[in-house]
Amino acid sequence: MEWHKRTLEVHTSGKGMVKITAELENAVRQWGVEEGILHIFIQHTSASIVASESYDPSAQQDLEAYMEHIAPENQTYYRHTLEGSDDSPSHIRSMLTNTSLSIPIDEGKLNLGTWQGIFLFEHRRRPHRRKVLLRCLSVR
C-alpha cells in the first residue's frame, strides 16, 4: 500500500458550484494509482464538497436555487452574522451537504457514475480561496 497527499487550492467567485473532477482525476493519474480510494476533505465551515449531476447545467442551477430556498439570507432569527448576512446561512448549507467524500479508484480512474461529477460548493457571496485536502490510499 502507498499513501499519497496533496492540497488542492480552489478559487471561487462567490456562491455556486465549482467542478473539480478534472483536478481530482489529474492527481490520481500523476500518482499512478491503479486501485485504491481517494478521500477528499474541505477545511472550511462555509463551503462543502458534493457529488452531483455534471452533465446538464440545469441540475446545478436547481441545487444552487434549492440552497437559497432552504437557508435564505437576512433572516431575523440568525444570531451569527459577524461576517455578514450570508454568515449563518453558509454554515447551515455546509452542514446540510458534505465536508468530505471517498471515491473508489479502479483501473486508474475515479469510479464515478455515468453523470456524476465532484464539486466544491461555495456558500459565501464573496470570492474565496478554498483548501481541499486529497488523501489517497493506493493498493498495488
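The values are calculated or read from the model by the stated rules, or taken from the named source; none is laboratory data. In this text, all values refer to a predicted model and were calculated from it rather than measured experimentally. When we count neighbours, we look across all protein chains shown, and the Cβ atoms used for this are built from the backbone with ideal geometry, even at glycine.
Structure notes:
For every residue, the table says whether it meets (1) out of contact with any helix residue (DSSP H, G or I) (no Cβ under 9 Å at 6 or more places or on another chain); (2) polar (S, T, N, Q).
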| position | (1), (2) |
| --- | --- |
| 27 | yes, no |
| 38 | no, no |
| 47 | no, no |
| 53 | no, no |
| 61 | yes, yes |
| 64 | yes, no |
| 70 | no, no |
| 75 | no, yes |
| 78 | no, no |
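- Taking the criterion of being surrounded by 19 or more Cβ atoms within 10 Å (Cβ to Cβ), among the small types (Gly, Ala, Ser) and more than 30 Å from residue 139 (Cα to Cα), the residues of the range 25-79 that qualify are 46, 47, 71.
- Filter result for residue 102 (surrounded by fewer than 14 Cβ atoms within 10 Å (Cβ to Cβ), among the small types (Gly, Ala, Ser) and either at pLDDT 95 or above or under 30 Å from residue 1 (Cβ atoms) (or both)): yes
- Within the set 140, 135, 130, 79, the sole residue that is basic (Lys, Arg) and farther than 28 Å from residue 31 by Cβ turns out to be 79.
- For the range 89-112, residues that are farther than 11 Å from residue 41 by Cα, outside any helix (DSSP H, G or I) and touching a residue at least 40 places away in the same chain (Cβ under 8 Å) total 10.
- Scan of the range 74-98 for residues that are basic (Lys, Arg) and in contact with a His (Cβ under 8 Å, 6 or more places away or on another chain), ordered by number: 93
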